[in-house]
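Working notes, structure below.
A short reminder: the numbers here are calculations on the coordinates, not readings from a lab. Please read all numbers here as calculations on a predicted model, not as lab measurements. When we count neighbours, we look across all protein chains shown, and the Cβ atoms used for this are built from the backbone with ideal geometry, even at glycine.
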Amino acid sequence: MRQSVKCGLIQLSNPINDETVPVADIQKAALDKHIEWIHKAGQAGVQILCLQEIFNGPYFCPGQDPRWYAAAEPIPGPTTTVMQALAKQYEMVIVVPLYEEHQRGVYYNSAAVIDADGTYLGKYRKQHIPQTNGFWEKYYFKPGNGGYPVFETRYAKIGVYICYDRHFPEGARCLGLNGAEIVFNPSATVAGLSQYLWKLEQPAHAVANGYYVGAINRVGTEAPWNIGKFYGTSYFVNPRGQFLAEGSEDDDELVIADLDLSQIDEVRKTWQFYRDRRPEAYDELVEL
């Protein structure tokens, strides 16, 4: 019988929304705010924790301003070092979404995965990069080139799928095929056309692939862009598509749920999607 794992999601508003403040100061304020909540998670016994997309600052992609290139850092790097110490302190796996500088002029939207003993396990780089009004991400990020890794942590096998990725079922299936038991989707999503999809697509991924999903979204309105309200509503959903825990639309919160990993086996014995899939019949997916 597989164990139950206590998992957490942190949804927060950005503490500084002022373009006149230096980027480094904005990042420090966001990091300090998150550290307070990471301590809360550790004290609550959370075993696997995920933060929101590019957690240590605002979602700056509504504009195209080169000053934000200064927000990028190596992975591993200074922020992962801080998180490694916290992970070790609380014996807590932490998924840390960051703006990654791979080399000068080459940047990715990434997430580092740190194990419960503080070991850096690796990273996922966001594969699908939007380029549309309010989401000029190709100005800041290259598409990910690391595939769909699954990380064997102390408590579970986890995968990461970042924000816009969630609209693409192919990568969600790859994570399942690679052995993911829990998939985290850190996001920065505002109210509008996609809000009704927030509770539709990811439960569907969980059902189609027989794993848990933890979906994270920030809260509040961020100046100077004011593209809309980040509506929070971070949640956990099980392999049957049922909601286990859910955050509010407005408040800074730690969302916690106990995930029974044995349910993955129960569901897959009923819904034999992996047995019955026909990869030899799907050539058109990569030819078209």
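Annotations for the structure displayed:
- Size of charge dipole - the stretch 1-75 - debye, nearest 20, with Cβ of Lys, Arg +1 and Asp, Glu -1, no other charges: 480
- Just checking the listed ones, A70, A180, A29: in the Gaussian network model of the chain with Cα springs under 10 Å, the one fluctuating most is A70.
- All Cα-Cα distances of the stretch 141-252, cut into 5 Å bins from zero to the largest, leave 2, 12, 22, 23, 18, 13, 7, 2, 0 percent in each bin in turn.
- Given charges at Cβ of Lys, Arg, Asp, Glu: the stretch 22-151 dipole, positive-most of Y140, A116, A29: Y140
- The stretch 4-287 - share of DSSP beta bridges that are antiparallel (%, nearest 5): 70
- Across K40/K126; K40/K88; K6/K229; K88/K199, pairs whose alpha-carbon gap is larger than 24 Å: K40/K126; K6/K229; K88/K199
- Note on K138: aspartates and glutamates with a C-alpha under 19 Å away, same-chain residues under 8 apart excluded, are E53, D65, E73, E100, E101, D165.
- Shape parameters for the stretch 1-96, alpha-carbon atoms, Rg then Dmax in Å: 14.8, 55
- Averaging the Cα positions of each part gives two centres, and for the stretch 57-87 and the stretch 219-288 these lie 24 Å apart.
- Extents of the stretch 166-223, largest first, come to 40, 17, 15 Å (Cα atoms, principal axes, whole angstrom).
- Counting only Cβ charges, +1 for Lys and Arg and -1 for Asp and Glu, the dipole size of the stretch 4-287 around its Cα centre is about 400 debye.
- Label-zone membership for the stretch 133-154, site F168, 7 angstrom Cα→C-beta point, backbone N under 19 Å: 133, 135-151
- Histogram of C-alpha separations across the stretch 4-287, 5 Å bin width, %: 1, 6, 13, 18, 20, 18, 13, 7, 3, 1, 0, 0
- Reachable lysines, given that their alpha-carbon falls under 20 Å from the alpha-carbon of K269 and they are not under 8 places away in the same chain: K157
- Here r is the Cβ-Cβ distance between F273 and S194 and R0 is 25 Å; the resulting FRET efficiency, rounded to 0.05, is 0.45.
- Highest-MSF residue in the chain out of G232, G146, G241 [GNM, Cα springs under 10 Å]: G146
- Its Kirkwood hydrodynamic radius, worked out from the mean inverse distance over all distinct Cα pairs, puts the stretch 38-93 at 13.1 Å.
- The GNM of the chain, with springs linking C-alpha atoms under 10 angstrom apart, assigns the highest mean-square fluctuation among L177, L86, L193 to L193.
- Listed residue (Y274, Q127, T79) projecting farthest to the positive dipole end of the chain, Cβ model: Y274
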